[in-house]
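Structure first, then comments.
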Amino acid sequence: FPKIDDNFSLDEYKRYGRQMIVPDFGSLPSQIKLKNSSILVVGAGGLGCPALLYLSAAGIGKIGIIDDDLVDTSNLHRQVLHTTETVGIHKCESARRYINKLNPHVVVETYQFRLQNDNAFDIVSKYDLVLDCTDTPATRYLINDVSVLCGKTIVSGSGLKTEGQLSILNFNNKGPCYRCFYPKPPSPESVTSCSDGGVIGPVIGLLGITMAVETIKILTGYYTDETFKPFLSMYSAYPQQQLRVFKMRNRKPDCAVCGNLPQILKETILENQIDYAAFCGTVNSNVL
Amino acid sequence: FPKIDDNFSLDEYKRYGRQMIVPDFGSLPSQIKLKNSSILVVGAGGLGCPALLYLSAAGIGKIGIIDDDLVDTSNLHRQVLHTTETVGIHKCESARRYINKLNPHVVVETYQFRLQNDNAFDIVSKYDLVLDCTDTPATRYLINDVSVLCGKTIVSGSGLKTEGQLSILNFNNKGPCYRCFYPKPPSPESVTSCSDGGVIGPVIGLLGITMAVETIKILTGYYTDETFKPFLSMYSAYPQQQLRVFKMRNRKPDCAVCGNLPQILKETILENQIDYAAFCGTVNSNVL
Amino acid sequence: MGIRVKIEFLGGLDVISSGVREHKAVVPLEEGEATMKDLVEYVTHNIISDPKDIPVFIEDDTVRPGILVLINDTDWELEGQEEYVLESGDVFTFTSTLHGG
Amino acid sequence: MGIRVKIEFLGGLDVISSGVREHKAVVPLEEGEATMKDLVEYVTHNIISDPKDIPVFIEDDTVRPGILVLINDTDWELEGQEEYVLESGDVFTFTSTLHGG
Ligand SMILES: [Zn+2]
Ligand SMILES: [Zn+2]
């Protein structure tokens with residue numbers, strides 16, 4: 001695909017033309033921003049699949065995918081990037097194959113292991129923005145702490161049964177983080193994963209797509225320090241589909257990781273002084 | 001896939017297990033209803049792609065896809081079921097190939113031509129429910145009239161730029177139809193398609209997914225004549241993502257097609273007394 | 001005095017008000033006497049930025065076909081259409097019908 | 001008298017009220033004197049169907065970690081938390097945090 005100007009090939013102009021003409025998107029400068037951006041998608045499951053589909057289609061320059069799980073038949077009602085043909089292979093490899101076909105202009109890097117205390121900083125620091133598409137509170141706290149300490153904004157989604165939640169965390173290192181919202185982790189008994197509690201496929205799919213929309217808004221510079229307001233959005237599929245926006249607290253001065261006197265530091269994590277699995281329930285390797 | 005009981009194979013139980021345990025879904029009886037259902041998806045574009053992905057994954061028994069258009073590079077930022085490899089082939093064939101890989105239990109029928117006055121009754125009458133994923137008012141009126149006259153419920157979605165709309169029309173032959181909402185067609189100058197006006201990929205993707213959710217709710221019997229209330233939902237991606245529900249009018253006694261003295265009959269359409277293209281602007285063959 | 005209301009334009013209809021989606025307005029009439037007809041007139045003369053855009057909003061003396069009118073998130077057909085009597089705090093939503101797919 | 005409010009349970013928290021997501025309630029206290037603390041107590045004793053479920057809602061004498069509390073769609077942290085003074089027409093939303101992906 002030879003470039004026809006400083007930025008793009010003819011194929012890319014054709015491919016992205018219909019989004020560049022949308023006024024809120026921000027035309028060519030925004031498309032260039034997407035091309036120069038890199039994102040890390042943690043989890044290639046129910047949330048990760050649709051987010052990856054639409055973000056790779058939109059022309060993000062580089063996408064990292066981390067997931068240690070293999071494609072299973074029980075995933076296929078919601079993890080629509082994987083197919084019967086890729087059952088048994090790594091989810092990140094399955095995702096990479098499809099993305100390469102959908103948009104060959106995207107560079108895909110895969111990490112076929114779990115995000116952990118000892119590898120998280122190396123990986124997260126390589127990307128501009130992190131999408132939390134995981135399935136356990138333990139990993140959500142780890143992603144939060146490492147992203148805050150690396151200065152990355154997080155787009156966070158979750159869902160269960162017929163509902164889902166969406167938020168932007170640590171926006172520009174000024175917005176509240178996951179620990180500002182949830183200083184105390186939930187008790188392990190109160191936590192249900194999609195595998196345990198079930199979920200309707202398009203419900204978690206919708207949440208993954210809302211994450212893609214927020215990612216595009218952030219990377220194209222739609223939100224600024226002045227216009228960004230902390231929020232948590234709540235989607236319900238029943239009785240009637242609704243997506244409501246709740247106005248949320250600001251960053252908490254006493255937050256353990258993003259506050260004025262943080263107790264959680266890079267060293268604390270690297271030296272395994274925080275055992276994420278222990279402090280909020282065991283990590284189930286099937287559900288990342 | 002040998003059946004292990006009257007209903008499903010082991011592969012299907014594995015595949016659908018995680019949605020069957022969701023209480024609102026309705027467990028095994030609902031899964032059987034999906035299996036015994038057939039839907040017609042008109043348009044395999046920005047709305048049709050995500051709807052097809054999630055509805056085939058969910059285990060609908062038979063899916064018909066009608067679209068006369070070929071995959072073009074300019075579609076790929078939003079029509080994520082198609083890939084660089086399928087550019088130039090028919091969208092319905094491209095969709096069929098992926099669905100066969102995603103869920104081999106689904107029977108797919110394709111119609112590689114445009115829905116028109118002379119073929120619409122034969123096709124629509126073969127299915128239980130119609131998804132209107134088209135891009136022009138002319139086709140929307142045709143789908144409406146034929147579906148009303150064939151007694152089919154319509155799940156209708158649309159989108160442009162950063163917004164979208166969702167509705168259920170002619171619910172159980174009792175709810176309002178498209179003509180109840182819009183008795184007078186818009187003037188051709190006021191109509192903008194996604195190709196002309198542009199759209200952000202995940203925006204139209206989200207609408208397609210909301211259509212999949214409504215389709216599942218209808219086919220599993222969640223809505224009844226008593227609980228169904230006419231609505232139109234409005235999605236906006238900017239400034240903050242929101243999906244709002246508007247309460248809409250009931251069926252209008254003077255509706256031209258579903259009212260007490262309908263002027264539009266099967267014969268009227270078959271004899272081309274209604275020229276859909278002429279009465280609401282030319283149909284652009286690129287945008288179905 | 002006047003009646004304090006919120007007026008929204010969705011579905012791209014904000015083109016008629018210089019891209020502003022949400023307006024807080026005080027309709028300069030007595031509560032109990034003003035109807036939806038007055039509100040539509042108020043919008044036509046006080047909110048549409050450029051008179052050239054009036055035909056985008058009005059046709060044959062009423063709101064143009066293809067524009068849905070919602071009063072507090074409810075179709076105006078259920079609320080008496082142009083006869084609806086305005087109340088302070090009401091939210092009026094005008095949205096174009098979208099056709100894209 | 002009493003204060004008329006709406007109470008919602010989202011994120012699966014409707015398990016504590018027999019699956020009912022939305023409650024219209026009259027809190028039997030004087031407007032201006034009742035606070036969020038009273039509302040939480042009201043919910044605990046009048047809405048939770050089975051006393052066995054109280055620990056799903058309450059821990060250490062306040063709302064359990066992992067449950068977000070919204071007052072008219074705004075985080076209660078911005079509204080004074082337990083000191084917020086109830087007003088007629090208020091909407092109180094309690095939602096579990098979802099973790100699935
Ligand atoms: Zn924090
Ligand atoms: Zn009708």
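Worth a mention:
- Net charge over other residues, Cβ less than 11 angstrom from the Cβ of A:Asp128 (K, R count +1; D, E count -1): +4
- Chains B and C together bury roughly 2400 Å² of accessible surface, counting both sides and using a 1.4 Å probe on protein heavy atoms.
- Pairs of Cα atoms nearer than 8 Å and 6+ residues apart set the relative contact order; for chain B it is 20 percent.
- Radius 14 Å from Cβ of A:Pro29, net charge of other residues (Lys, Arg +1; Asp, Glu -1): -1
- Remark: label point of A:Asp72 defined 7 Å out from Cα along the Cα-Cβ vector; separations to the same position in other copies 4.4 nm, ascending.
- Where labels lie 7 Å past Cα in the beta-carbon direction, separation of D:Val15 and C:Thr62 in nm: 5.2
- In chain A, the calculated helix contribution to ellipticity at 222 nm averages -9500 deg cm²/dmol per residue, counting -39,500 (n - 2.57) for every DSSP H run with n ≥ 4.
- From the alpha carbon centroid of region B:38-106 to that of region A:208-269 is 33 Å.
- Kyte-Doolittle mean at least 1.0, axial Cα span of 20 Å or more - DSSP H helices of chain B: B:201-219
- 24 Å Cα cut-off, lysine pairs counted over region A:1-127 (separation 8 or more, or different chains): 20
- With the cut-off at under 13 Å, measuring from each backbone N in region A:95-109 to a point 7 Å along the Cα-to-Cβ line of A:Ser38 picks out A:107-109.
- Residue of chain A whose Cβ sits closest to the axis mapping A onto B, with distance in whole Å: A:Leu243, 2
- Nearest beta-carbon to the D/C symmetry axis - residue in chain D, distance in Å: D:Gly89, 6
- Anisotropy class of region A:154-288 from Cα gyration tensor, a/c 1.5 cut: oblate
- Net charge dipole, region C:3-96: roughly 460 debye, given to the nearest 20, about the Cα centre with Cβ charges of +1 for Lys and Arg and -1 for Asp and Glu.
- Computed over neighbours whose Cβ is under 10 Å from that of C:Lys6, the net charge equals -1, Lys and Arg +1, Asp and Glu -1.
- Based on protein heavy atoms only, region D:3-96 ends up with 47 Å² per residue of surface accessible to a 1.4 Å probe.
- Sequence-separation-based contact order of region C:3-96, relative, with Cα cut under 8 Å and 6+ spacing, percent: 44
- Apportionment of accessible area to carbon and sulfur, chain B, percent (1.4 Å): 50
- Distances between copies at B:Glu271, taken between label points 7 Å from Cα along the C-beta direction, are 9.0 nm in increasing order.
- Label point 7 Å beyond Cα along the C-beta direction, distances from A:Ile89 to other copies (nm, shortest first): 1.8
- Overall form of chain C: prolate. Here a/c, set by the Cα gyration tensor axes a ≥ b ≥ c, is 1.5 or more, and a/b is the larger of a/b and b/c.
- Helix-only CD estimate at 222 nm, as mean residue ellipticity for chain C, using -39500 (n - 2.57) per DSSP H run (n ≥ 4): -2500 deg cm²/dmol
- Label point at C:Met1 placed 7 Å out along Cα→Cβ; residues across region C:8-50 whose backbone nitrogen lies under 14 Å: C:27-35
- Among B:Gly46, B:Gly159, B:Gly197, the largest mean-square fluctuation in a Gaussian network model of chain B, built with springs joining Cα atoms closer than 10 Å, belongs to B:Gly197.
- For residues of A:79-87, the mean tally of beta carbons on other chains within 10 Å: 5
- Cα-based reach from B:Lys252 at 21 Å (exclusive), listing lysines while leaving out same-chain residues under 8 positions away: B:Lys152, B:Lys174, B:Lys184, B:Lys229, B:Lys266
- Gyration tensor (alpha-carbon) shape descriptor, the protein assembly as shown, a/c threshold 1.5: rounded
The values are calculated or read from the model by the stated rules, or taken from the named source; none is laboratory data. Only a predicted model underlies this, so the values are computations on that prediction, with no experimental measurement involved. All Cβ positions, glycine included, derive from the backbone under ideal geometry; neighbour counts span all protein chains shown. Note: accessible area is taken over every heavy atom of the protein model, side chains too, but ligands, DNA and RNA are not part of it. Shrake-Rupley method; radii C 1.70, N 1.55, O 1.52, S 1.80 Å.
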